[in-house]
1. Among the residues of the range 243-250, is there at least one that is free of Cβ contacts under 8 Å to residues at least 24 places away in the same chain and touching a strand residue (DSSP E or B) at 6+ places or on another chain (Cβ under 9 Å)?
2. Going by what's in this entry, would S259 be described as of a type in the set (G, A, S), crowded, with 24+ Cβ neighbours inside 10 Å and more than 15 Å from L104 (Cβ to Cβ)?
3. Count, please, the residues in the range 271-322 that happen to be among the hydroxyl-bearing types (S, T, Y), within 16 Å of R261 (Cβ to Cβ) and either in contact with a Pro (Cβ under 9 Å, 6 or more places away or on another chain) or surrounded by fewer than 16 Cβ atoms within 10 Å (Cβ to Cβ) (or both).
4. With the range 210-285 as the region, which strands (runs of 3 or more DSSP E) entirely inside it contain at least 1 residues that are among the polar types (S, T, N, Q) and within 16 Å of ligand 2 (Cβ to nearest atom)?
5. Which of the residues that make up the range 30-41 are open to solvent by 70 Å² or more (accessible area, probe 1.4 Å) and in contact with a Ser or Thr (Cβ under 7 Å, 6 or more places away or on another chain)?
6. Answer yes or no as to whether F35 is under 30 Å from T153 (Cα atoms), of a type in the set (F, W, Y) and at pLDDT 95 or above.
7. Every residue in the range 223-241 that is out of contact with any Phe, Trp or Tyr (no Cβ under 6 Å at 6 or more places or on another chain) and either within 13 Å of V268 (Cα to Cα) or of a type in the set (G, A, S) (or both), please.
8. Quick one: is R239 within 18 Å of F113 (Cα to Cα), out of contact with any Ser or Thr (no Cβ under 9 Å at 6 or more places or on another chain), within 15 Å of ligand 1 (Cβ to nearest atom) and at pLDDT below 95?
Amino acid sequence: MWVSFFIVSLIWIWPQCGFSEWYKRDEPIMGTRVFVELWHDDPAKAALLMQGVMDEMERINQLMSPYKTSSELARVNRDAATAPVQVSQELFDLVQKANHYSDLSGGAFDITFASVGHQFDYRNRRRPGQQEQATAAALIGYRSLKLDPVTRTLEFGKPGMRIDLGGIAKGYAVDQAVSGLLAAGVEHAIVTAGGDSRLIGDHRGRPWMLGIKHPRGEEHVITLPLSDSAISTSGDYERFFEEGGVRFHHIIDPAKGDSARELLSVTVLAEHSVDADALSTTLFVLGPQKGLKLVNSLAGVSAILIDRTGKVRYSTDLVDPTMH
Ligand code: ADP
Ligand code: MG
């Protein structure tokens with residue numbers, strides 16, 4: 001009698017308490033690899049949450065991709081030189097955030113870099129001629145991008161200008177996906193889009209271990225123990241080609257209208273991915289001196305830079321934890 005009661009209770013209780021496990025999934029979205037791993041006690045709910053992450057990434061891709069002719073961003077690039085273009089609050093806010101980093105960095109981060117950037121085709125090793133590049137470089141300048149918060153419009157001050165959110169949109173998308181997981185009560189997870197990751201909690205009793213890739217090899221040069229934070233790496237090895245010993249890659253120094261070449265890799269740690277993403281691109285352009293100066297002035301942000309000699313440099317808070 002007691003035995004059968006025990007067995008019946010067990011059969012009833014067993015599925016209620018469930019078995020927590022790690023669930024993971026990855027998909028190619030936004031021209032990169034999107035990865036999510038989370039700890040959950042319900043396989044069906046875990047699958048729904050992971051689908052939610054992918055859906056949110058795809059939604060933002062459809063909104064902000066410069067390559068999809070139907071995206072809002074493509075519409076801006078097509079029409080904003082002729083007349084102000086009204087955009088969603090979401091796109092407007094992200095452009096405003098990008099401009100904040102432009103102000104903070106004296107224009108090192110500048111989404112109008114695309115005036116030059118879009119003349120490069122890294123996969124097919126194509127670059128503009130010297131004259132063409134100089135003409136395009138003259139169109140860079142976020143101050144010629146007019147934002148009107150009342151009408152929620154964007155307008156280009158110069159015909160031929162272009163914008164691209166490639167230096168900040170992935171970080172934003174990661175934050176959005178993480179917000180969804182947090183709202184659903186997830187306590188341990190990682191969401192990654194290319195070089196941008198954000199962690200919820202720890203890896204159950206120990207930190208997540210994230211590696212920084214050697215800029216000229218596959219191995220990791222540094223492994224960082226992290227929890228509840230965002231990490232973003234920008235490198236000159238992601239999209240590039242070489243010609244006559246010169247590397248043409250996807251991070252453009254707006255002042256030169258050419259690839260930034262003082263650093264090989266920049267990793268930024270921050271609370272949110274949107275900031276880590278924008279700042280890793282910003283520091284890459286600024287170079288070691290100005291880059292470290294900027295990061296050292298920001299609370300709650302750390303950086304690891306690899307310069308062109310391969311030397312690793314750290315923000316002061318990582319060298320001396322009493323500094324922050
Ligand atoms: P990814 O993860 O794609 O390598 P990064 O965070 O390293 O992205 O940023 C590189 C991307 O940022 C480029 O592909 C381009 O879209 C954009 N970008 C390049 N130069 C600048 C710049 N000076 N300011 C803002 N965005 C830039
Ligand atoms: Mg970035």
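The values are calculated or read from the model by the stated rules, or taken from the named source; none is laboratory data. Here the structure is a predicted model, which is why all the values come from computation and not from measurement. Neighbour counts run over all protein chains shown; Cβ positions are idealised from the backbone, glycine included. Remember, those area values only see protein heavy atoms, side chains included, never the ligands or the DNA or RNA. Shrake-Rupley method; radii C 1.70, N 1.55, O 1.52, S 1.80 Å.
1. yes
2. Details: of a type in the set (G, A, S): yes; crowded, with 24+ Cβ neighbours inside 10 Å: no; more than 15 Å from L104 (Cβ to Cβ): yes.
No; evaluated as a whole, the condition is false for this residue.
3. The qualifying residues number 1.
4. Values: elements: 220-226, 230-235, 240-243, 246-249, 263-270.
By residue number, 230-235, 263-270.
5. Within the range 30-41, D41 is the sole residue that qualifies.
6. Details: under 30 Å from T153 (Cα atoms): no; of a type in the set (F, W, Y): yes; at pLDDT 95 or above: yes.
Judged against the criteria, F35 is not a match.
7. Within the range 223-241, L224, S227, S229, A230, I231, S232, T233, G235 qualify.
8. Details: within 18 Å of F113 (Cα to Cα): yes; out of contact with any Ser or Thr (no Cβ under 9 Å at 6 or more places or on another chain): yes; within 15 Å of ligand 1 (Cβ to nearest atom): yes; at pLDDT below 95: yes.
Judged against the criteria, R239 is a match.
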